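Since the structure comes first, as structure tokens, the remarks are kept for the end.
Laboratory data are not the source of any read-out in this text; all were calculated from the coordinates shown. Since the model is a prediction, treat every value here as computed from it, not as a measurement. Here the Cβ positions follow ideal geometry from the backbone for every residue, glycine too, while neighbour counts run over all protein chains shown.
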Amino acid sequence: MIGVIDRINEKFAVVEFDDGSMQNILLDKIKGKAEEGDVIYYKCGLYHIDLNETNKRKKEADSFLDLWD
């Protein structure tokens, strides 16, 4: 299951998963520097940032917003 970081609250990342559920995850449990909009997945006891998927989704969002310019 993958999720997207919706926001960061102090020591937690609020993550929306692909099934629509929301979960608070300790930032210590996410490998790397987590930011809003990052796509994460769980493997071997930690959450990992999927940079390729994050960048892909950000480009898609930017191109969608360009339609309104």
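Name every residue in region 33-48 that is surrounded by 12 or more Cβ atoms within 10 Å (Cβ to Cβ), out of contact with any Lys or Arg (no Cβ under 7 Å at 6 or more places or on another chain) and not in a loop (DSSP other than H, G, I, E, B), in order of residue number.
Those that are surrounded by 12 or more Cβ atoms within 10 Å (Cβ to Cβ), out of contact with any Lys or Arg (no Cβ under 7 Å at 6 or more places or on another chain) and not in a loop (DSSP other than H, G, I, E, B): 40, 41, 42.
Among the listed residues 60, 35, which satisfies the condition of being of a type in the set (D, E, K, R) and either within 11 Å of the chain's Cα centre (by Cα) or on the phi > 0 side of the Ramachandran plot (or both)?
Criteria check complete, one pass: 35.
Taking residue 46 as the residue in question, decide whether it is out of contact with any helix residue (DSSP H, G or I) (no Cβ under 9 Å at 6 or more places or on another chain) and of a type in the set (A, V, I, L, M, F, W, C).
no
Quickly run through region 33-45 and pick out the residues that are within 16 Å of residue 17 (Cβ to Cβ) and hydrophobic (A, V, I, L, M, F, W, C).
34, 39, 40
In region 1-32, which residues are in a loop (DSSP other than H, G, I, E, B) and either in contact with a strand residue (DSSP E or B) (Cβ under 7 Å, 6 or more places away or on another chain) or loosely packed, with under 10 Cβ neighbours inside 10 Å (or both)?
Answer for region 1-32, where residues must be in a loop (DSSP other than H, G, I, E, B) and either in contact with a strand residue (DSSP E or B) (Cβ under 7 Å, 6 or more places away or on another chain) or loosely packed, with under 10 Cβ neighbours inside 10 Å (or both): 1, 10, 11, 18, 19, 20, 32.
State all residues of region 49-69 that are closer than 16 Å to residue 30 by Cα, in a helix (DSSP H, G or I) and in contact with a Gly (Cβ under 8 Å, 6 or more places away or on another chain); if no residue qualifies, say none.
54
Pairs needed: first member in region 22-44, without any contact (Cβ under 8 Å) to a residue 60 or more places away in the chain; second member anywhere, assigned to a loop (DSSP other than H, G, I, E, B) and of a type in the set (Lys, Arg); C-beta distance under 7 Å; at least 6 residues apart or different chains.
Hits for this filter: 26/11; 27/11.
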